[in-house]
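The values are calculated or read from the model by the stated rules, or taken from the named source; none is laboratory data. Here the structure is a predicted model, which is why all the values come from computation and not from measurement. As a convention, Cβ positions derive from the backbone with ideal geometry for all residues, glycine included, and neighbour counts pool all protein chains shown. Ligands, DNA and RNA are stripped out before the accessible areas are found, and what is left, the full protein with its side chains, is counted by its heavy atoms. Shrake-Rupley method; radii C 1.70, N 1.55, O 1.52, S 1.80 Å.
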Amino acid sequence: MIKYPLRILGLFLLMSCANHTLDQDFNCSGYKIISKQKTVRDFNNKFSIVIPQHWKTSLYDEEGLSSLLVADTTISLQNSILMDISFLNNSTPIDSKFSDKISSDNKKMGFKEVKTKRFTIDDSPAYYTLAKGKKGAYPYTILNIFHKPSEEALLHSKVEIYGDSLVDERLCKSVQLIKKIKTL
């Protein structure tokens, strides 16, 4: 008789974990970007992202890699967001070896990891790491999100935030933009 309530509780807990999102992890629930927006695509048409219309974009392409750099260049570096979204032809799985390598790289660069998590995006493996430190003379926050949209591809979204002004707000804005990335 007691088995059924425990099963229902277990199912509820499993469902709530499955619904855990980047919004919840970064306390961004309800955050909306209110500005005119545009859709931009990478050079090889591997992905697109919706960004504020006034942001600047740069495209980069080399064998096995297509990147899109976006930033709000109308404000100072200490108030802006720099994003680099890259689509790589890469079969490396997102596993503990992968996350250990990313953690090691963060340490080598002098950054302290604040949050890390393996999760899924559209039933595909994903991983993020949020790290902080100094870059040059500025406090620095870096969010790296890795997503495997297929076995042969890796989508890497890197967010760089310089300074210590409105860091959480800028992270939330970045998360909202990253959620709008579409692989093509």
Checklist entry - Hey, any idea what % of the range 25-184's accessible area is carbon plus sulfur with a 1.4 Å probe? => result 49 percent
Next on the checklist: Restricting to DSSP H runs of at least four residues, report the calculated mean residue ellipticity at 222 nm for the chain, -39500 (n - 2.57) per run over all residues, nearest 500 deg cm²/dmol.
Outcome noted: -7500 deg cm²/dmol
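Would you list PHE43, PHE87 from the most to the least accessible area, probe 1.4 Å?
Correct descending sequence by accessible area is PHE43, PHE87.
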Item to check | Area accessible to solvent at HIS156, 1.4 Å probe radius, in Å² | outcome: 40 Å²
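Once R0 is set to 30 Å, what does the formula 1/(1 + (r/R0)^6) return for the Cβ-Cβ distance between LEU59 and SER103, expressed as a FRET efficiency to the nearest 0.05?
Efficiency computed from Cβ-Cβ geometry: 0.50.
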Checklist entry - Computed FRET efficiency, Cβ-Cβ of ASP25 and THR183, R0 25 Å: what is it to the nearest 0.05? => result 0.70
Next on the checklist: Taking θ = phi - 60°, what integer Hz values does the Karplus form 6.51 cos²θ - 1.76 cosθ + 1.60 yield along the range 103-117, in sequence order, with x for Gly and Pro?
Outcome noted: 4, 4, 4, 4, 5, 4, 8, x, 9, 9, 6, 9, 9, 9, 6
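Which whole-number percent gives the relative contact order of the chain, counting Cα pairs below 8 Å spaced six or more residues apart?
With pairs under 8 Å counted, the relative contact order is 22 percent.
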Item to check | For the range 177-183, Karplus couplings with θ = phi - 60° (6.51, -1.76, 1.60), whole Hz, Gly/Pro x | outcome: 5, 4, 5, 8, 5, 10, 7
Next on the checklist: Run the numbers for PHE43 and VAL114: contour at 0.36 nm per residue of separation, minus the present Cα-Cα distance, in nm.
Outcome noted: 22.3 nm
